[in-house]
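Comments concern the structure below.
The values are calculated or read from the model by the stated rules, or taken from the named source; none is laboratory data. In this text the structure is predicted, and so the values were computed from the model without any measurement. Glycine gets a Cβ as well: all are built from the backbone with ideal geometry, and neighbour counts include every protein chain shown. Just the protein is used for accessible areas: all its heavy atoms, side chains included, with ligands, DNA and RNA removed. Shrake-Rupley method; radii C 1.70, N 1.55, O 1.52, S 1.80 Å.
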Protein chains: 2
Amino acid sequence: MAGKAKPYDPGIEEMVKGILAGDRRMLSRAITLVESTMPDHEAKAHAVLDRCLGMKRESIRIGITGSPGAGKSSFIEVLGEKIIAEGHQLAVLAIDPSSSRSKGSILGDKARMEKLAGSRNAFIRPTASSGHLGGTSPRTHETIVLCEAAGFNVVIVETVGVGQSEITIDTMVDFIVLLMLPGSGDELQGIKRGIMEIADAIAVTKTDGEQAALAGISRADFEAALHMLPRKHPFHERKVFLTSALAGTGIIEVWHEIRDTLSSMRESGMLPSRRRLQLSTLYHEVLENMLKARFFSDPAVQAARAAIEQQVLSETLTPYSGAKELLGAFLRQP
Amino acid sequence: MAGKAKPYDPGIEEMVKGILAGDRRMLSRAITLVESTMPDHEAKAHAVLDRCLGMKRESIRIGITGSPGAGKSSFIEVLGEKIIAEGHQLAVLAIDPSSSRSKGSILGDKARMEKLAGSRNAFIRPTASSGHLGGTSPRTHETIVLCEAAGFNVVIVETVGVGQSEITIDTMVDFIVLLMLPGSGDELQGIKRGIMEIADAIAVTKTDGEQAALAGISRADFEAALHMLPRKHPFHERKVFLTSALAGTGIIEVWHEIRDTLSSMRESGMLPSRRRLQLSTLYHEVLENMLKARFFSDPAVQAARAAIEQQVLSETLTPYSGAKELLGAFLRQP
């Protein structure tokens, strides 16, 4: 009966104190708590979050998105160095698509962003991407809040540019950079329009060596593509940058673009109002998802669901009647 | 106490019999019933619909969309004549954006599609657009079902190309024609991409008189724009047509494109599988909207809503915590 030693489990006060003092291990613990789906973890996470909410500093939140292989890690590694060099404290919420477990992720990411991981002004938090589409989840917002409470004033969120996640990331960051490989305009045809529409700038990556010749063509193609889309912000013209993480070119220009755009948004009062709008959008998105999850996991709904859907698909029940019937099953319960 | 004469109110059997016999007044009554939001009307409407569901003929469902002023009515008038000339029975579910009341709509639309309204092979049903975004609603599908039961084998649904409605119309029709005025490529910048993405063909309208010169440029611009988008169906290349309702040109070509595309979709078995997919999408869309409507009209939710949202926006509660709290208010009820 000689039990295992009880694992160290700091209380709410201790955790909050640690986070506010910039203790990275405590920050990591809090993020794990926020990401947990266990009910008692959830309650504690919310208590910690609510204490941290008032403590956030003025910050810059950057989204970096692009297909797998677009060079996100290398780009962030170089971008991160430039940011730190200006005296900022940088947190990177990085996706590791190679692993579905946290442990694998941590090792993978440390290898991916070696220099940044070694800096005392950077905090890299890998997230396994298997759990959520595109690697972001409604909880990513909470993680950003914790990082800001811990003193990080620049937060980079890395996402893979697929599906619904771009729309979500747009409610969480101030500026989104879309990374694209050099290539002909043909590849644009396959791009999900959602990604192009939320981008505030495009960085063409790996424009070195043999790819250098292609890069100029790509820039023109991407500029034409951006021209086809309605502007994201009325005052802001989206630019295309040619970058190389290997040669170290073009990336400081991207950082200046981000910094300058946000500082003029801040001066004009647009940033706070945009953040309120983002919070509202995120809140409604989370609410809708929770409501649907609760509905579809309901026993009465699960019992009735297949039969009703079958009737709708075989055209013995209209979609409207079917929906009414299933909603009735949900509401009739005690 | 000499009461008013009780209005004529046919029973379910009489109504179904009338619809199946092609009685237009009975069809109109049934559509009014389907569009009604009164609970006893709703029950009767579903009984009629469920009887009609098995009686549908093989049909072609066409969506015509475009901004106000793009020439939808004139286009449909000419297109409708071509369709009727081939021996088809045509139903047109037309939006009248000029009126928010049915009576005004009917007069307005009769004037708009004069020739078609006079034909014994066409049935025009105007819908006031004020009630629903873009003039379609989940009930539009039910109205199509009723028209098909009444023997109409071609159904045209007119929508104004704004907002969410295009996505919904894509779950209801087999082929969508987007109408665009001739003009420079600049106007493309303002177009909602959603509309372009669901179009199966583009018809440039009013390419007569002074506009004729612009039309050629427009065609090239629209073809380039379509080229930028991923294909809607892998086998089908979207075409751009130059049309004039005034000169009567180009519109028969649009009809042949619709007819031929659908006949090859039917032969390959794609049409039935696509319709099943549409039914499934429509069902889930209606279900989600009903669930949300029920949630937000709930007294406990309405009581708690403003305070929680205020806390989220003032950053004293995270979006996640706020959503959890409001969902709790909904579920805790008896």
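For the residue pairs B:Lys239/B:Lys292; A:Lys6/A:Lys44; A:Lys72/B:Lys232, the alpha carbons lie more than 28 Å apart in B:Lys239/B:Lys292; A:Lys72/B:Lys232. Using a 7 Å projection from Cα along Cα-to-Cβ, the label point at B:Ile12 is separated from the same position in the remaining copies by 5.6 nm, smallest value first. Taking only the C-alpha atoms of region B:284-331, the Rg (one decimal) and the largest Cα-Cα distance, Dmax (whole number), read 11.6, 35 Å. With θ taken as phi - 60° and the Karplus curve 6.51 cos²θ - 1.76 cosθ + 1.60 applied, the whole-hertz 3J(HN,Hα) list for region B:140-147 is 4, 4, 5, 5, 4, 4, 5, 4 Hz, x standing for glycine and proline. Fully extending the segment from A:Ala213 to A:His41 would add 56.6 nm, taking 0.36 nm per residue of separation and subtracting the current Cα-Cα distance. Take the accessible area of B alone and of A alone, subtract that of the pair with a 1.4 Å probe, and the total buried over both chains is about 5500 Å². The modelled label-to-label distance for the pair A:Glu253/B:Asp260, using points 7 Å beyond Cα in the direction of Cβ, is 4.8 nm. Each other copy places its own label point for B:Asp50 at 4.7 nm from this one, sorted shortest first, where the point lies 7 Å along the Cα-to-beta carbon line. Across the copies of the chain, B:Thr316 has label points (7 Å from Cα along Cα→Cβ) spaced 5.5 nm apart, shortest distance listed first. Once the C-beta distance of A:Ile12 and B:Glu288 is scaled by a Förster radius of 45 Å, the resulting FRET efficiency is 0.75 to the nearest 0.05.
Whenever you get a sec, compute what percent of the accessible area on region B:9-56 sits on carbon and sulfur atoms (1.4 Å probe). On region B:9-56, the fraction of accessible area on carbon and sulfur atoms equals 56 percent. Amide H to amide H, with H built 1.01 Å from N, B:Val92 comes under 5 Å of B:Phe123, B:Ile124, B:Arg125, B:Ile156, counting only residues 5 or more places away or on other chains. Annotation: amide H of B:Gly63 within the under-5 Å range of B:Val157, B:Asp174, B:Phe175, B:Ile176, B:Val177, sequence separation 5 or more or interchain, hydrogens built in the peptide plane. Across peptide A:35-46, the average count of Cβ atoms from other chains found within 10 Å of a residue's Cβ is 1. For the set A:Arg231, B:Arg51, B:Arg259, the ranking by accessible area, highest first and with no ligand, DNA or RNA atoms included, is A:Arg231, B:Arg51, B:Arg259 under a 1.4 Å probe.
Take the Cα of B:Leu331, step 7 Å toward its Cβ, do the same at A:Glu237, and the gap between the two points is 5.1 nm. For A:Met270, what accessible surface area do you get with a 1.4 Å probe? Give it in Å², rounded to 10. The value for A:Met270 is about 50 Å².
Of A:Glu148, A:Glu58, B:Glu35, the residue with the largest accessible area leads and the full order is A:Glu58, B:Glu35, A:Glu148 (1.4 Å probe). Summing Lys and Arg as +1 and Asp and Glu as -1 over all other residues whose Cβ lies under 11 Å from the Cβ of A:Arg238 gives a net charge of -2. Around the amide H of A:Met180, modelled in the peptide plane, lie the amide H atoms of A:Ala203, A:Val204, A:Thr205, all under 5 Å away and 5 or more residues distant in sequence or on another chain.
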